[in-house]
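Reading through the structure tokens given below for one structure.
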Amino acid sequence: MKTENKGIEQLLQIMQKLRDPELGCPWDKKQNYDSIVPFTIEEAYEVADVIERNAWDELPDELGDLLFQVIFYCQLAAEEGRFEFNTVVERLSNKLLRRHPHVFGNQNQIYDTKQQNDSIDWEALKSQERQQRDQLSVLDDIPTGLPALSRSKKIQKRVVAVGFDWNDIKDVAAKVTEELEEVMQEVHQEKQRADRIQDEMGDLLFSVVNLARHLGIDPEQALRQANSKFERRFRGVEKAVKDDNHQIEKLGLDILDDYWKQVKAIEK
């Protein structure tokens, strides 16, 4: 534990030095909360990427880059007298203790995830925390900067806590079909309106996220996997076309679809 504390102290000192008004790094000195947000998001996605690729040797570096973002925010806050790194650690520790009464409190021991979810109302715990912060809506503290799919899922989970949800997955699937039909109705209008099509597409995507949630699937992760699968297969098509001495842009969709099927068959 002493070694770990020493590592954190060294990291905090490095960050202070980088932000030193006279001797610090010019790039680090000019940054602010807003300017480093894109880097924070990028680093989080890079962590997710190495995990999905099982690139475990890369994970320490990517986690370090993500931790640096936390250290950076804390340094900015310390300079303004708002809070310090230890404030973040203390609040996190208190939250973990508060949200795990079955481990640190007087509740009975829990042996598996199902029993844990049945015994602990997570949304109720979070709702109590929001009430202590005088929030008026269950949706108040959902970050607007979240990726759209993730934010959609979070919104839906919040409204479930107050009973706004379907109980039967058939109803959820029917809603997806209904929204798709409404998209196509707009597409087939004699005078298409791009804003109406976009609006209906948004409703369709929202309903698909709802279906994924009911199936216990994270939509953001599912779409990332679908992107990776499509990219892998399309690269396979490009290679096969090249091996056959063809130019891909000169082949029709029917022929390319045959190549696609061949690549899929090889994967299986």
Just to be sure I understand, how many residues within the stretch 38-51 are touching a residue at least 12 places away in the same chain (Cβ under 8 Å) and either open to solvent by 70 Å² or more (accessible area, probe 1.4 Å) or not in a helix (DSSP H, G or I) (or both)? 2
The stretch 245-257 - residue that is of a type outside the set (A, V, I, L, M) and open to solvent by less than 80 Å² (accessible area, probe 1.4 Å) and, of those, modelled with the lowest pLDDT: 252
Between 165, 171, which is closer than 19 Å to residue 219 by Cα, at pLDDT 90 or above, assigned to a loop (DSSP other than H, G, I, E, B) and of a type outside the set (A, V, I, L, M, F, W, C)? 165
Taking the stretch 182-210, which residues are more than 26 Å from the chain's Cα centre (by Cα) and among the polar types (S, T, N, Q)? 185, 189, 192
Which number in (1) closer than 30 Å to residue 226 by Cα; (2) without any contact (Cβ under 8 Å) to a residue 24 or more places away in the chain; (3) part of a helix (DSSP H, G or I); (4) open to solvent by 80 Å² or more (accessible area, probe 1.4 Å) marks the one condition that residue 13 misses? (1)
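Residues in the stretch 54-67 that are open to solvent by 60 Å² or more (accessible area, probe 1.4 Å) and within 22 Å of residue 32 (Cβ to Cβ): how many? Talk me through it step by step, then tell me what you get.
Step one: list which residues in the stretch 54-67 are open to solvent by 60 Å² or more (accessible area, probe 1.4 Å), which gives 54, 56-58, 60-61, 63, 65, 67.
Narrowing further to those that are within 22 Å of residue 32 (Cβ to Cβ): 65, 67.
Number satisfying all stated conditions: 2.
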Residues being at pLDDT below 90, open to solvent by less than 60 Å² (accessible area, probe 1.4 Å) and under 25 Å from the mean Cα position of the chain (by Cα) - total across the stretch 75-101: 2
Among (1) modelled with pLDDT of 95 or more; (2) over 30 Å from residue 224 (Cα atoms); (3) surrounded by 14 or more Cβ atoms within 10 Å (Cβ to Cβ), residue 27 falls short only on (3)
Among the residues that make up the stretch 186-197, is at least one of them polar (S, T, N, Q), in a helix (DSSP H, G or I) and either out of contact with any Pro (no Cβ under 6 Å at 6 or more places or on another chain) or crowded, with 16+ Cβ neighbours inside 10 Å (or both)? no
Condition first: in contact with a helix residue (DSSP H, G or I) (Cβ under 8 Å, 6 or more places away or on another chain), at pLDDT 90 or above and not in a helix (DSSP H, G or I). Can you find one or more residues in the stretch 131-142 that meet it? no
Scan 266, 217, 197 and give me the residue that is of a type in the set (A, V, I, L, M, F, W, C) and over 30 Å from residue 152 (Cα atoms). 266
State all residues of the stretch 211-220 that are outside any loop (DSSP other than H, G, I, E, B), within 16 Å of the chain's Cα centre (by Cα) and without any contact (Cβ under 8 Å) to a residue 60 or more places away in the chain; if no residue qualifies, say none. 212
Contact list, first residue from the stretch 143-162 and within 14 Å of residue 209 (Cα to Cα), second anywhere and at pLDDT 90 or above and basic (Lys, Arg), beta-carbon distance below 8 Å, six or more apart or interchain, is 153/213; 156/213; 157/213
Note down all Cβ pairs under 9 Å where the first residue falls in the stretch 228-245 and is closer than 12 Å to residue 264 by Cα and assigned to a helix (DSSP H, G or I), the second is of a type in the set (D, E, K, R) and open to solvent by less than 80 Å² (accessible area, probe 1.4 Å), and they're at least six residues apart or on different chains. 229/267; 232/267; 233/264; 233/267; 236/264; 236/267
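The values are calculated or read from the model by the stated rules, or taken from the named source; none is laboratory data. Note that this is a predicted model, so its numbers are computed, not measured. All Cβ positions, glycine included, derive from the backbone under ideal geometry; neighbour counts span all protein chains shown. Areas reflect the complete protein model, heavy atoms only, side chains present, ligands, DNA and RNA absent. Shrake-Rupley method; radii C 1.70, N 1.55, O 1.52, S 1.80 Å.
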